[in-house]
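What follows is a set of notes on a single structure, which appears directly below.
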Amino acid sequence: ERLGQDENEPLATVEPLHDVVGELPIVVAHTGIRRNSGVVHKSIRERWEEGEEAVVEGYKRIAELARLGKNAILNRDWETLGALMDENHAIQRSLGGSGPQNDHLIEVARRNGALGAKLAGAGQGGTIVALTLEPDRTVRAMREAGADQILWPRPVEGVTVEASWQHAVPEVAAS
């Protein structure tokens with residue numbers, strides 16, 4: 001089974017699901033450590049190219065997890081998606097893609113309401129994404145654990161009127 005166009009080129013695809021699913025219950029947190037993806041992934045890629053069984057099989061499983069994750073998202077099956085995220089992270093960690101800061105924030109998120117969590121971005125620091133139905137609790141815990149930046153996409157009801165224009169510009173309203 002091939003993952004890419006040839007044995008040495010893994011293939012990445014993106015399929016937007018936001019029009020079908022809407023907002024995902026996620027929180028993204030940054031460890032405060034900046035990493036270059038090319039540097040972090042170079043050794044893993046070299047191991048892939050050499051045919052190291054753990055890397056090849058690990059990435060085959062990650063590709064399968066992505067397919068299963070798509071179905072979980074489409075069905076809004078957050079428990080299954082969380083378990084898939086945890087498995088993805090375990091594989092990345094076993095291959096050397098994660099770092100202590102990633103693992104720490106993921107552990108904190110999991111202990112504080114997250115259904116699953118995984119590294120995102122370069123790894124060895126950088127960003128994690130947590131799936132949580134308790135974002136206040138998860139965000140608070142990650143902030144206390146030292147997350148550098150936290151992105152928490154919150155659904156909004158739409159436009160809210162803070163003040164009518166007559167109150168904001170009284171001289172226009174009087175004319």
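The values are calculated or read from the model by the stated rules, or taken from the named source; none is laboratory data. Just so we're clear, the structure is a prediction, and the values are computed from it rather than from any experiment. All Cβ positions, glycine included, derive from the backbone under ideal geometry; neighbour counts span all protein chains shown.
Within the stretch 35-52, residues that are farther than 12 Å from Gly123 by Cα have Cβ atoms under 7 Å from residues that are in a helix (DSSP H, G or I) and modelled with pLDDT of 90 or more in these pairs: Arg47/Val55; Trp48/Val55; Trp48/Val56; Trp48/Tyr59, counting only partners at least 6 apart in sequence or on another chain. Of all residues in the stretch 81-95, which are under 14 Å from Gly125 (Cβ atoms) and either crowded, with 19+ Cβ neighbours inside 10 Å or modelled with pLDDT under 90 (or both)? If the condition is that a residue be under 14 Å from Gly125 (Cβ atoms) and either crowded, with 19+ Cβ neighbours inside 10 Å or modelled with pLDDT under 90 (or both), then Gln92 is the only one that fits. The set of residues in the stretch 31-80 being among the acidic types (Asp, Glu) and outside any helix (DSSP H, G or I) consists of Glu50, Glu52, Asp77.
Residue by residue, here is whether (1) of a type in the set (Phe, Trp, Tyr); (2) surrounded by fewer than 19 Cβ atoms within 10 Å (Cβ to Cβ); (3) within 13 Å of Gly82 (Cα to Cα) holds:
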position: Asp103; (1), (2), (3): no, yes, no
position: Val108; (1), (2), (3): no, no, no
position: Gly113; (1), (2), (3): no, no, yes
position: Gln124; (1), (2), (3): no, no, no
position: Thr127; (1), (2), (3): no, no, no
position: Leu131; (1), (2), (3): no, no, yes
position: Arg137; (1), (2), (3): no, yes, no
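Here is a yes/no grid of residues against (1) closer than 16 Å to Asn88 by Cβ; (2) at pLDDT below 90:
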residue: Asp19; (1), (2): no, yes
residue: Arg35; (1), (2): no, yes
residue: Lys42; (1), (2): no, yes
residue: Arg47; (1), (2): no, no
residue: Gly58; (1), (2): yes, no
residue: Arg76; (1), (2): no, no
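Test Glu7 against the criterion of being at pLDDT below 80 and more than 23 Å from the chain's Cα centre (by Cα), and give yes or no.
Yes.
Please enumerate the residues belonging to the stretch 103-121 that are part of a helix (DSSP H, G or I) and in contact with a helix residue (DSSP H, G or I) (Cβ under 8 Å, 6 or more places away or on another chain). The answer is Asp103, Leu105, Ile106, Val108, Ala109, Arg110, Arg111.
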